[in-house]
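Below is one structure, written out as structure tokens; the observations come after it.
The values are calculated or read from the model by the stated rules, or taken from the named source; none is laboratory data. Everything numeric in this text was worked out from a predicted model, so none of it was measured. Methodologically, a virtual Cβ is constructed for each residue, glycine included, from the backbone with ideal geometry; neighbour enumeration extends over all protein chains shown.
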Amino acid sequence: MKLMLLACLGHAYAAAIAVAADAPFVQPSEVGPAHSWFEERFGADVSKLPFSFKVGDESSADVLKRCKADVKTTQLDGSRVQRTITWTDDKTGLETQAVVVRYADYPSVEWTVYFKNGGEHDSPVISDIHAVDVSQPVPPEASTILHHMKGSRAAPNDFEPYEMGLTMRAEAAFRSAGGRGTNGSWPYFNVNWADHGLIVALGWPGQWRVRFERDGAGGLAIRGGQETTHFKLHAGESARTPLVVLQWYQGDWIRGQNVWRRWMVAHNLPRLGGQLPPTQLVACSSHQFGEMINANEENQKHFIDRYLEEKLPLAYWWMDAGWYVNDGAWTTTGTWEVDKKRFPNGLRAVTDHARRKGLKAIVWFEPERVAPGTWLYNERPQWLLAPPKNPGDQLYDERWRLLNLGNDEARNWLVGHVNALLKSEGIDLYRQDFNMDPVLYWRAGEALDRQGITENRYVAGYLAYWDALLEANPGLRIDTCSSGGRRLDLETLRRSVPLVRSDCLFEPTSQQAHTYGLSLWLPYHGTGTLVGKSAIGQNTTEGVNEYDFRSHMASSVTACWDMRDRTLDYEKLRRLTGELARISPFYQADYYPLTPHTLAPDAWIAWQFNRPESGEAVVQAFRRQESTQAETRLKLRGLDPDASYRIEALGTDQAWTESGAVLMDAGLKAVLPEQRSAGLYQLSKAENEPVT
């Protein structure tokens, strides 16, 4: 097995699918086979089901074969059909249900499998549950490349893309770390061969594993699911598998990524009133007041007023960790009541102040981690999970406890309590953090015939908790944070967006690299930008400048500026936030890396966001601090070769026109005379305008 850092992207582009400029991006030749696969794999022959498990010593095929299948079909909307297949085993009382969705507009099939013990006694042990267990035909002679990515560890190389050659009889295995779904590893994969490909995604905000194995007979075996499953179910008890998505495509792997991105925008990004999450500038004072430990009603109102005085176009005011009763440390979580010593009128005084000025409010919570001395720790110990001794590779303090969201009583209390706070304090966007590894908490004390059940019930409870908040608060948005980007699985992202994609912040090279990698998969993610000193130790030294700000541009940007400092270059900040407002809507368009991924200080890095339907694009290019190369050619993608494009270099007076053919074949000429500089180019089709 050979692991290679993603290198020269240019070689990977040669096999792009050839379609007319006005043709739909997703082709009928892609969607049709996906529909056929759906009908074959979720038809009458249970031996073809794309999942597997054991009940006692019996295989799932043997168990389901003796069951009568009840099949129901539901038209969810104009694009989605759901098929629910339920098998009930009279012998064991076990009910197995597959909920499957196929898409009319994308070559995608998804499913989740549910188990319920409908009997009066414990079920046999259910084990070796593979949420996905398929063999994808691949020509034996085809060069097969597995594209995957690093998860988050709060490091500069978070979301670093990799590729691996899957030669005959090669295999590769991946797993999350510590029980958080994108901690260290990334549960989204793209396998490409001979102008075709398959994307595999596992939606599980817990401990998962996936294995790819290429046999010698033209098959690629893919198996994965929750890492540990060996449990009986008590009477009436339920369990589930991770969500699985398969998406086929034609062309090179980058085109496959854009089929995925378009599907994410069309069917997965959480919407309010039918509207996609807006691109936005938000602000907080965490780096001036030690998160919220030294914050109070007065200084929060002052910062809101100062941002608006400087005409910075905020959408939200953000109050992060530490607003609740604590012992002077924001990590002391577990008493979820506003600290009335600092906020005698509650957070509502601040959120109302913001609302009167046209802003909404974000407030941070971390309900799962419970610290000693707090209300939950002292008053509800029966709701809490305790850990074993930390072996040294897990992120937790042994004194911490985990609020068990798989406990119905605990979860129902949390739903009611947080709902009351959302309403009483005027909170528009609920931010949930999770700064600990839960897997050993889940596994501690489990009996041999109950391995994995605590995690399974916990994950179901976590998702049910969010669903309850959203149902009770129709205008609510959710921000997912788990020490940054360690919980970015698909189930989580259908309910939330990540406003801080990594806790590695503010340094421009890392931010460029994070945007490069994460944009392959997610059309919406955010970060923050700081100028000057930080009360929590994340200082910057360069002042207000284009290079730093443009390195941090994203769908959502959190301004962490010290508004008490009237010497900041606010005119430049207004210009740069204006650029952000202009280009950030492009972050949900097609995405093309234009250089290799790199953290090298002497390199360039660049990418393109493209809207072929409107003939518009944005290119971002960065010449790093040690690069001796003053210019480069960036070969663009997805343009109309027969059209002319007007190119504007934002922040300059430079504009020119070039043909699409030249921009794709010879490339866009990016000239950055100074080291540590950033180019930002906006392209639009130019009607009847000659090339200049």
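Can you tell me which residue among Val71, Val31, Val55 is under 19 Å from Val100 (Cβ atoms), in contact with a Pro (Cβ under 6 Å, 6 or more places away or on another chain) and aliphatic (A, V, I, L, M)?
Just a single option satisfies the conditions, and that option is Val31.
Just to be sure before I move on: is Trp607 surrounded by fewer than 21 Cβ atoms within 10 Å (Cβ to Cβ), part of a strand (DSSP E or B), in the same structural domain as Arg676 (by TED's automatic domain parsing) and of a type in the set (A, V, I, L, M, F, W, C) in the structure I sent?
no
Quick grid of which residues meet (1) in a loop (DSSP other than H, G, I, E, B); (2) modelled with pLDDT of 95 or more; (3) among the polar types (S, T, N, Q); (4) in the same structural domain as Lys301 (by TED's automatic domain parsing):
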position: Thr333; (1), (2), (3), (4): yes, yes, yes, yes
position: Lys341; (1), (2), (3), (4): yes, yes, no, yes
position: Gly373; (1), (2), (3), (4): yes, yes, no, yes
position: Gln382; (1), (2), (3), (4): no, yes, yes, yes
position: Lys389; (1), (2), (3), (4): yes, yes, no, yes
position: Asn419; (1), (2), (3), (4): no, yes, yes, yes
position: Asn435; (1), (2), (3), (4): yes, yes, yes, yes
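When the residues of segment 538-557 are narrowed to those that are of a type in the set (Asp, Glu) and at pLDDT 95 or above, which ends up nearest to Thr577 (Cα to Cα)?
Glu546
Take the conditions modelled with pLDDT of 95 or more and crowded, with 22+ Cβ neighbours inside 10 Å and apply them to Ala104. Does it pass?
When the stated conditions are applied, Ala104 does not pass them.
For Arg83, state whether it is closer than 18 Å to Leu202 by Cβ and of a type in the set (Lys, Arg).
So Arg83 fails the test.
Evaluate segment 287-300: report whether one residue or more is assigned by TED's automatic domain parsing to the domain that holds Val55, surrounded by fewer than 20 Cβ atoms within 10 Å (Cβ to Cβ), out of contact with any His (no Cβ under 9 Å at 6 or more places or on another chain) and farther than 22 Å from Val191 by Cβ.
No, because not a single residue in segment 287-300 is assigned by TED's automatic domain parsing to the domain that holds Val55, surrounded by fewer than 20 Cβ atoms within 10 Å (Cβ to Cβ), out of contact with any His (no Cβ under 9 Å at 6 or more places or on another chain) and farther than 22 Å from Val191 by Cβ.
Which pairs do you get when a residue that is among the polar types (S, T, N, Q), found in segment 312-331, comes within reach of a residue that is not in a strand (DSSP E or B), reach meaning Cβ atoms under 7 angstrom, with the pair 6+ apart or on two chains?
Pairs found: Asn326/Thr332; Thr331/Ala371.
Among what's in segment 446-459 and is among the aliphatic types (A, V, I, L, M) and surrounded by 18 or more Cβ atoms within 10 Å (Cβ to Cβ), pick the residue that is farthest from His525 (Cα to Cα).
Looking at the filtered set, the residue picked out is Ile453.
Glu616 versus (1) closer than 17 Å to Leu636 by Cβ; (2) in contact with a Leu (Cβ under 8 Å, 6 or more places away or on another chain); (3) buried (at least 22 other Cβ atoms within 10 Å of the Cβ): which is the lone unmet condition?
(3)
Among the residues of segment 364-394, which ones are hydrophobic (A, V, I, L, M, F, W, C), within 14 Å of Leu440 (Cβ to Cβ) and in contact with a helix residue (DSSP H, G or I) (Cβ under 6 Å, 6 or more places away or on another chain)?
Leu385
Restricting segment 660-692 to residues that are over 34 Å from the mean Cα position of the chain (by Cα) and charged (D, E, K, R), which is surrounded by the most Cβ atoms within 10 Å (Cβ to Cβ)?
Within segment 660-692, the match that is surrounded by the most Cβ atoms within 10 Å (Cβ to Cβ) is Glu689.
Just wondering, is there one or more residues in segment 555-565 that are assigned by TED's automatic domain parsing to the domain that holds Ser677, out of contact with any Lys or Arg (no Cβ under 7 Å at 6 or more places or on another chain) and part of a strand (DSSP E or B)?
No, segment 555-565 has no match at all.
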